[in-house]
Amino acid sequence: GKKLGYTFNHRNLHNVSLGQGQELVAEQALDVAAKEGHWVILQNIHLVAKWLSSLEKRLEQLSEGSHRDFRVFLSAEPAPCPESHIIPQGILENSIKITSEAPTGMHANLHKALDNFSQDTLEMCSQEKEFRSILFALCYFHAVVAERRKFGPQGWNRPYPFSTGDLTISVNVLYNYLQASSKVPYDDLRYLVGEIMYGGHITDDWDRRLCKTYLEEFIKPEMLEGELCLAPGFPLPGNMDYNGYHQYIDDALPPESPYLYGLHPNAEIGFLTQRSERLLRTVLELQPRDSSAGQGAAGTQEEMVQALLEEMLEKLTDEFNMAELMARVEERTPYAVVALQECERMNALTAEMRRSLAELELGLKGELTMTSDMETLQNSLFLGTVPESWVKRSYPSTASLGSWFADLLARISELEAWTRDFSLPSTLWLGGFFNPQSILTAIMQTTARKNRWPLDKMTLQCDVTKKSREDFASAPREGAYVHGLFMEGARWDAQAGAITEARLKELTPAMPVVFLKAIPDDKQDTRGLYPCPVYKTRQRGPTYVWTFNLKTKENPSKWVLAGVALLLQT
């Protein structure tokens, strides 16, 4: 074993961890094991993609004439997407496949987290009470951050590969700190766990805030006084032995619900709805669409696409005449510049739509040869999805084609009304912009020029009115009224003038009109405010627009854990 360079764990077992040029070692191990009837374990085969075809041929050769006891075990990380499936089909077909499924639900995740330790672990620290309490809180924290992924973007803006290694290292750090200090260094522990151990995975600032807030709620002095609840109806247990903690989870943990993660029950409705929509979309895409499905079916598809295509071309208005609009602008104010930029972007999108639809129409009539791009467009129209060439020139949207096109016409109508005389509309449809940040910046630029304030020392103050769009006849003298905002994770109580608990089954209630006004940074009072992120769509993440500070009578941490955000589209 030493001569060949692989680990010789047992006389009948060869264990090779692939990567870093270990392919030759693996081949030598396979040759020896095939003759002697040994077992070979090849770990991390996903790290040697180019060698896998050679492995497939080698295993095919060894399948004949080898010792009857010869066995090969392969292990690999799951592929993040279908394009990353690199294991050859021959290996998969001739293998018995076993997958290690991650636990689902808080109950299984919490038991799994605790399984990383033992009674010996609980007894190894001199500050036993503090160590056990914080260890259990860390186990709950680990279970929460791992399972919260199932709620999609409302859980985490981006998925992260949190692992049991993060938990065990955090507990090692906890042990070292408690052994070295008579006082519990809560701040240090929260920083190391939240910013380094788990925070090292996190790339989104809002996710970092969420991670930090969980630790602030779970690891604090009150935990040693029996006053801390990890979730509604689930107090942090006192000093118990290892089996006692497992029993406590079975006896005391409430049934699985979003409340265990600090989320509202609507979060579960939302993610289950989206999962169902994806499933139905996949089923629809699997329907046969070529001529082999029968001439009647193919004819029906072409007729449907032709009718939709004609309707779209008829409803699309003419492009904006940019030369005429620029001549009509008396003063290129920040608002006028935004309007012109939006018109240019709209022209680029509608021009591509007209071009591609007209081309497909000629193709369906037989006057042009159907290209792959035309077939892709035809399939998108048939399936009710926004074509890729339009998406590239469009704005982020999760809507189906029908809703997307109706939304597009509404955006064009808003721009037409605005560019008649370029006066600021009474209320701005914030979701109707290709680039909503531009109009928000224009609000600050206008105020900065008027008052001669430095732009980089300004911020937007957000006041939620009690009125709807129809109640406003003119724009304010300073700032702007905006409408078209929706809240996810909670709702706005117009009477109380603050964020409050969402109503069941109201996933994204509409907000009243919001008054945005630019003020100097140092005039902003952040007490009793929740910094609420604004996103273009429910996908969150890269669709971030701005942060609106909204009034709250409850601790802002409640809304952080609930994943409360404002959306420009539902």
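Out of all the residues in the range 100-109, is one or more open to solvent by less than 10 Å² (accessible area, probe 1.4 Å) and either modelled with pLDDT of 90 or more or of a type in the set (V, I, T) (or both)?
yes
So which residues in the range 188-234 are within 14 Å of E130 (Cβ to Cβ) and out of contact with any helix residue (DSSP H, G or I) (no Cβ under 7 Å at 6 or more places or on another chain)?
Hits for the range 188-234 are E222, E225, G226.
Here is a list: V386, V338. Which entry is assigned to a helix (DSSP H, G or I) and either in the same structural domain as T447 (by the TED database) or touching a helix residue (DSSP H, G or I) at 6+ places or on another chain (Cβ under 7 Å) (or both)? Show your work before the answer.
Details: V386 fails: assigned to a helix (DSSP H, G or I).
Going through V386, V338 in turn, just one is assigned to a helix (DSSP H, G or I) and either in the same structural domain as T447 (by the TED database) or touching a helix residue (DSSP H, G or I) at 6+ places or on another chain (Cβ under 7 Å) (or both): V338.
Within the range 450-468, which residues are in a helix (DSSP H, G or I) and either without any contact (Cβ under 8 Å) to a residue 40 or more places away in the chain or within 29 Å of the chain's Cα centre (by Cα) (or both)? If you could, list the steps in order and put the result at the bottom.
Restricting attention to the range 450-468, the residues satisfying the condition of being in a helix (DSSP H, G or I) are 450-451, 455-457.
Across the range 450-468, the qualifying residues are K450, N451, L455, D456.
From the set of residues in the range 142-188 that are among the polar types (S, T, N, Q) and outside any loop (DSSP other than H, G, I, E, B), which is least open to solvent (accessible area, probe 1.4 Å)?
So, considering only residues that are among the polar types (S, T, N, Q) and outside any loop (DSSP other than H, G, I, E, B), the one least open to solvent (accessible area, probe 1.4 Å) is S170.
Looking at I412, is it in the same structural domain as F320 (by the TED database) and either closer than 26 Å to N321 by Cα or modelled with pLDDT of 95 or more (or both)? Steps first, please.
Values: in the same structural domain as F320 (by the TED database): yes; either closer than 26 Å to N321 by Cα or modelled with pLDDT of 95 or more (or both): yes.
Criteria met by I412.
Could you list, in sequence order, the residues of the range 485-507 that are surrounded by 20 or more Cβ atoms within 10 Å (Cβ to Cβ) and not charged (D, E, K, R)? Don't jump to the end; show me each part of the working.
As a first pass, look at the range 485-507 and keep what is surrounded by 20 or more Cβ atoms within 10 Å (Cβ to Cβ): 485, 487-492, 499, 502, 507.
Once the filter is applied, which keeps residues that are surrounded by 20 or more Cβ atoms within 10 Å (Cβ to Cβ) and not charged (D, E, K, R), the range 485-507 yields L485, M487, G489, A490, W492, I499, A502, L507.
For residues that are over 19 Å from N15 (Cα atoms) and either charged (D, E, K, R) or not in a helix (DSSP H, G or I) (or both), scanning just the range 44-65, find the one that is most open to solvent (accessible area, probe 1.4 Å).
Here the answer is K50.
What residue, of D241, D250, is over 32 Å from the mean Cα position of the chain (by Cα) and more than 18 Å from K558 (Cβ to Cβ)? Break it down into steps so the answer makes sense when it comes.
Values: D250 fails: over 32 Å from the mean Cα position of the chain (by Cα).
From the options D241, D250, the qualifying one is D241.
Scan the range 328-339 for residues that are more than 41 Å from the chain's Cα centre (by Cα) and at pLDDT 90 or above and report the count.
The number of residues fulfilling the criteria is 0.
Of everything in the range 110-127, what is part of a helix (DSSP H, G or I) and open to solvent by 70 Å² or more (accessible area, probe 1.4 Å)? Give them in sequence order.
K112, D120, E123
The values are calculated or read from the model by the stated rules, or taken from the named source; none is laboratory data. Keep in mind the model is a prediction, meaning the values are calculated, not measured. Using ideal geometry, Cβ is built from the backbone for each residue, glycine included, and neighbour counts are taken over all protein chains shown. Remember, those area values only see protein heavy atoms, side chains included, never the ligands or the DNA or RNA. Shrake-Rupley method; radii C 1.70, N 1.55, O 1.52, S 1.80 Å.
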